[in-house]
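Remarks on the structure that follows.
The values are calculated or read from the model by the stated rules, or taken from the named source; none is laboratory data. In this text the structure is predicted, and so the values were computed from the model without any measurement. Every residue, glycine as well, gets a Cβ built from its backbone with ideal geometry; the counts of neighbours run over all protein chains shown. Remember, those area values only see protein heavy atoms, side chains included, never the ligands or the DNA or RNA. Shrake-Rupley method; radii C 1.70, N 1.55, O 1.52, S 1.80 Å.
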Amino acid sequence: GLLTGTPPGDEYRALYFNPFIAIEYARYIQSGYRNFTNAYASAKILPGLNFRSEFGLDLLAQQEDGYWGSENNRNTEAPNGIGEYNTAFVFNYNTNNYFTYTKEFGKSNLEATLGMQYQKATSNYSRVEGKDFPSNSYQKIASAATISGGSTSQSQFSFLSYFARANYKYDDKYLLSLSLRRDASSRFGKNSREGYFPAASVGWILSNENFLSKVDVLSFLKLRASYGVVGNAEIGNFPQLGLFTGDAGYAGSAGQRPSQIANPDLKWETTKQMDIGLDFGFFNNRISGELDYYVKNTSGLLLNVNIPATTGFTSQVRNVGKLENKGVEFVLNTQNLTGKFKWSTNINIARNKGKVIDLDGQVIEGGVGSMNRVMEGQPVGVFYAVEYAGVDPNNGDAIFYKNTDNNGQLDKTTVNANGYGQASRVVVGDPNPDYIFGFTNNFSYKGFDLSVFFNGVTGNQINIYGMGRYSSANFRFEDNQTADQMDAWTTPGQKTNIPQARLYRN
């Protein structure tokens, strides 16, 4: 609770940053102005044929103004205060133009759409930094003795799409839908900018068939199936380009250098999905729900992969690998009370199993301590670490499984901390849940309503390394400790899972 400079604490540096310092001796204000505008015009050209044109604008102007006084331990390089001022201006617009045709003939109903979509976004950013202020009374960059940093940048992307869709219904029982999109994005290479994404679905409303018309309890029953392809372009704006950056060259002269290697063949990441589903309703739809089974196969994953350093770079964004997801989803809705006091319930549960099929030999690590890994044959983001084996009851040492390869078998002998380097990393957990579920109750009475909901996941492991290395660490640090540290080894022969507490040691 003591601020830096307050005896008996460290008079020069706090062990951890105290947020009271930021309250008293710092300021950070973000102000933003945003405008959303949408307009459209429509015209009836012929009976059943209409045209619609839409225009949308998203405009953002944002500024961030910050100052950190000399009391902040952030300011080891600026003992007399540091200030920053950042701006962002984003101009994002899109337009949709399409024809719609509807026609009924006999028991048939047809609706068709043909159109185009265009989106373009431009972003401008600027930053300036100043150091050494006369006092905390001066907090604007103009009062800084030194303008210590500054930059400006601009980014841009655009999409151009054409699409067609047709929906056909016969006798209110048989449904067919077909669609095709052709999308082009500035984010991909000049050789592979376009992507084609078809989709088709069929449906059969069984409850409208004569053989089910006399089933009184059945309100609705529909069997459906679909197959489609979608694309993913959620990457940076310029990963496909060979980029250069300006730098101070020899003896302070202006110069430039390459900063990114080009990939003219970079293309859309695509996902092919098959879905089979059943929609149902009973007792005048007081009980209704959905049951779905799906298979998703993603290929051409957009990943930053390692490349030979002889190229002058160490990584490049490429289309690498395949990913498979299979799952089941179930939704149940009930209307429990329908009078003046209404009560409805929604229950949903889903199970998904994912696996990396192919990664072209790449290994991708991340997360706290690089403990997460994307690797072939495993779900995305598995925990990959040396496997903990418990505590040596003779001396209180933490021990670990070797897990080294022994003629195709993992060596399950153990080593202590001194032999930690002999142990190999293995998959020790999966952060992906086995089940995702939710439960919601909605109540309403004479204009008052209440919603109570629960949701959760189960079957997944959680990485506490970010916190545990401080708070489950034998009191090695001055942080508050988790309760299990009270069970630390103290006596030869003692069986526990918590190693001996040793000052400044693991």
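For the residue pairs 169/267; 169/272; 173/355; 103/326, the alpha carbons lie more than 28 Å apart in 169/267; 173/355; 103/326.
Extent of region 184-235 along its three principal axes (Cα atoms, max minus min coordinate, largest first): 60, 17, 10 Å. For the peptides 486-499, 260-273, the ranking by packing is 260-273, 486-499, with the highest mean count of neighbouring Cβ atoms within 10 Å listed first.
For region 387-443, the equivalent ellipsoid built from the Cα gyration tensor has semi-axes of 38, 17, 8 Å, listed from largest to smallest.
Please give the Cα centre distance for region 172-223 versus region 276-350, rounded to the nearest Å. With region 172-223 and region 276-350 each reduced to a Cα centre, they are spaced 16 Å.
Apply the a/c threshold of 1.5 to the C-alpha gyration tensor of region 281-360 and tell me whether it is rounded, prolate or oblate. Prolate, because a/c is 1.5 or more and a/b exceeds b/c. Dividing the Cα radius of gyration of the chain by 2.2 N^0.38 Å, with N the residue count, gives 1.32. Computed over protein heavy atoms with a 1.4 Å probe, the carbon and sulfur contribution to the accessible area of the chain reaches 55%. Each pair of Cα atoms in region 36-113 enters the Kirkwood radius, and Stokes-Einstein at 20 °C and 1.002 mPa s then converts it into a translational diffusion coefficient of 121 µm²/s. For the pair residue 273 and residue 502, the difference between a 0.36 nm per residue extended length and the Cα-Cα distance amounts to 77.0 nm.
A Förster radius of 25 Å, combined with the Cβ-Cβ distance separating residue 422 from residue 365, puts the computed FRET efficiency at roughly 0.75. Listed peptides 442-453, 173-184 appear in the order 173-184, 442-453 once ranked by packing, highest mean of other Cβ atoms within 10 Å at the front. For region 403-506, the convex hull drawn through the C-alpha positions has a volume of 192 cubic angstrom per residue. Other residues whose C-beta falls under 15 angstrom from the C-beta of residue 456 contribute a net charge of 0, scoring Lys and Arg +1 and Asp and Glu -1.
Dividing the Cα radius of gyration of region 151-262 by 2.2 N^0.38 Å, with N the residue count, gives 1.97. From the alpha carbon centroid of region 372-388 to that of region 432-454 is 35 Å.
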